[in-house]
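Each remark here refers to the structure printed beneath this line.
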Amino acid sequence: MKRRHAYALSVLLALAFAGVLWQAAAISRAAALATVREDAQRALERYGTSLQGLLETYAVLPRLLAQEERVTRALLAPDDVALRAALNQRLSAFNTTAQATDTYVIAADGLTIAASNADTPVSFVGMNFGFRPYFQNALAGGSGLYFALGTTSNRPGFYFSYPVRHRGQVIGVCVVKIDRDRVENSWSQTAMPVIVTDAEGVVFITNRADLRYRTLQPLSRAARERIEAARQYVDQPLEPLPLADGRWLDGALRSISLRETRAEADGRRSTVTTGYLVETSQVNEAGWHVHVLAPLAPVDERVRYTLLGVGSALAVALSLGLFWRQRRHRLRDRLHYQARVEETLRRARDELEVRVAERTRELQRAQNDLIQASKLAALGQLSAGLVHELNQPLAAIRGYADNAVVLLERERYAEARTNLATVVELTDRMSVLTGQLRGFARKTGDEVEAVELGRSITNAIALIEPRLREDQVALTVTRPPQPVWLRGNAIRLEQVLVNLLKNACDVLRDATERRIELTLDADGARARIGVRDTGPGIAPDALERLFDPFFTTKPVGEGLGLGLSISYGIVDAFGGTLRATHHPDGGALFTIDLPQAPPP
Ligand code: ADP
């Protein structure tokens, strides 16, 4: 889908590209053509006017001559040698003044009676020009203009003729010939080819030698015959122009392509085809036309430059567009990527949070289990003493109960009552202990409640009491009269105290002086419990690792190395600290420091 989209887009782009180029080419071609046409028209104007001016000027000359009396007289007296000589002189002078090539007078029969060149070997005198159209035209009464190659000189030129009238009769013709070079010399400078064609379409004046005596179109048989009869172009072949292509509009040539021979730099000749725009105007009634051939190369060049310019602009625009698009894509990709990364991170974080929560719960559970396990382990270690503690009253109860039975049989009721009262007292004592045991052994969470420190101390001592007695350890307790409160968990706090007392008993086993001092101080803000023994104290290397889990110096099976580490955790959870130091008077001192709480 996306690819099809891109394909359609590129096709559209290519079409737009082509359209813009085509349009640009059309516009620039039209503009360039307009410029070329303007130049051509200006040139045409210039050439046409100059040619017309020249022809009109020279047309006056035979007319002036025809009005001279000596011309008439000479024509009327063909045998007067003196008159002819005088006329020849006059014509020679006239010819020089007019800067003409030849000036001569022809009689009505076509025979030349006088000429400016009468004194030269090429004298026209005696020659018959009756076949020349300029003569025939003038004889018919009009002024003649004719272009031809000279019959004797072969030199091309304009023939201006005018009839000489006498009493309403044309008795002769005056002719002035002007060399074609007079016109062409002023034209040869220009680069733009100019051709002048006669009524038959033969190029007879031009600034391009290779186009001379060529025809616009193949000559008709009649035209060719007329030209040959007048010997107008003598023996020129009169081939058509080397047209590769020509466009005619309303009978006039509008543009042509000429095959041109060009001399290459290495001396070889090559043929190229050059296009021209043609502008044409009529020169005179004789059907002469001036054509200016304006090269179309600048048009093509301009179109090429325009195409190049527009094409490069489009290419730049296109590549900018592509670059921008790609950049946008890349940006979008990057944003996508970023969003994906963020999403992944977010999900990972969420998952992690869930896991951490799970783990925390697990950890808490594990910690609780551990605390419980270590508590039970401590109880297990104390069990011998505790069992002994329970056995004693049990045995006593048994004794008192037996006695009571005997006393009742003997109806000694008062004594029996005393015995039974003692039994009650003993079972009360036992139930206190078992109650404490049950409480201690109970699996507890980390619920926080108001705890009275004195009571926890009493309970802990109750649990350790049998052990103290068994090991003959003296325990002294110093505590303030008023209750001391804190926020925590009573059973856990008892667990800490039992632990410290049990550890003290352990180290005192081999000691000579067996004493434990338990102190409780409270200053309103904090409560401090000290447990000091008279044991060996703590080994220096053990001091640092005392609270590490599984650190123990006791033989396998006796210690897990968890007691202190768990105690530390419990006290810490209550916002307090547990520290071990050496007592200045020997032995170890464990201090629990806890924040005090107001009584509930
Ligand atoms: P356990 O009692 O199972 O060894 P504890 O964490 O309770 O584990 O104690 C770690 C160690 O700290 C004991 O093995 C002992 O070396 C030392 N210790 C504990 N209490 C005392 C004390 N009152 N005097 C000297 N050393 C002690």
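The slack between ARG410 and THR360, meaning 0.36 nm per residue of separation minus the straight C-alpha distance, is 11.2 nm. With viscosity 1.002 mPa s and temperature 20 °C, the Kirkwood radius over alpha carbon pairs of the stretch 257-335 converts through Stokes-Einstein to a diffusion coefficient of 120 µm²/s.
Working from the Cα coordinates of the stretch 334-470, the gyration tensor eigenvalues give, after taking √(5λ), semi-axes of 60, 14, 12 Å in decreasing order. For LYS443, the aspartates and glutamates whose Cα falls under 17 Å of its own Cα, not counting residues fewer than eight places away in the same chain, are GLU362, ASP369, GLU494. Scaled against the 2.2 N^0.38 Å expected of a compact globular protein of N residues, the Cα radius of gyration of the chain reads 2.88. Based on the alpha-carbon gyration tensor of the stretch 434-551 and its eigenvalue square roots a ≥ b ≥ c, which shape applies: rounded if a/c is under 1.5, prolate if not and a/b is larger than b/c, or oblate? Judged from the Cα gyration tensor, the stretch 434-551 comes out rounded (a/c under 1.5). The translational diffusion coefficient of the stretch 495-593, from Stokes-Einstein at 4 °C and 1.567 mPa s with a Kirkwood hydrodynamic radius over alpha carbon pairs, comes to 93 µm²/s.
Between ARG579 and GLU301, the simple label model (points 7 Å from Cα in the Cβ direction) yields a spacing of 10.4 nm.
DSSP finds beta bridges in the stretch 449-529, and of those with both partners inside it, around 60 percent are antiparallel. Stretched out straight at 0.36 nm per residue, the stretch from ARG155 to ALA16 would grow longer than its current Cα-Cα span by 43.9 nm.
Only helical runs count toward this figure. For the chain, summing -39,500 (n - 2.57) over DSSP H runs of n ≥ 4 and dividing by all residues gives -18500 deg cm²/dmol at 222 nm. Centre-to-centre, using Cα atoms only, the stretch 40-86 and the stretch 465-530 are separated by 160 Å.
Summary value for the stretch 45-188: 24 percent relative contact order, contacts being C-alpha pairs under 8 angstrom separated by 6+ residues.
Applying 1/(1 + (r/R0)^6) with R0 = 60 Å to the Cβ-Cβ distance of ARG46 and ARG3 gives a FRET efficiency near 0.40.
Values in this text are rule-based calculations from the coordinates and carry no lab data. Note that the structure is predicted; figures quoted are calculated from it, not measured. Glycine gets a Cβ as well: all are built from the backbone with ideal geometry, and neighbour counts include every protein chain shown.
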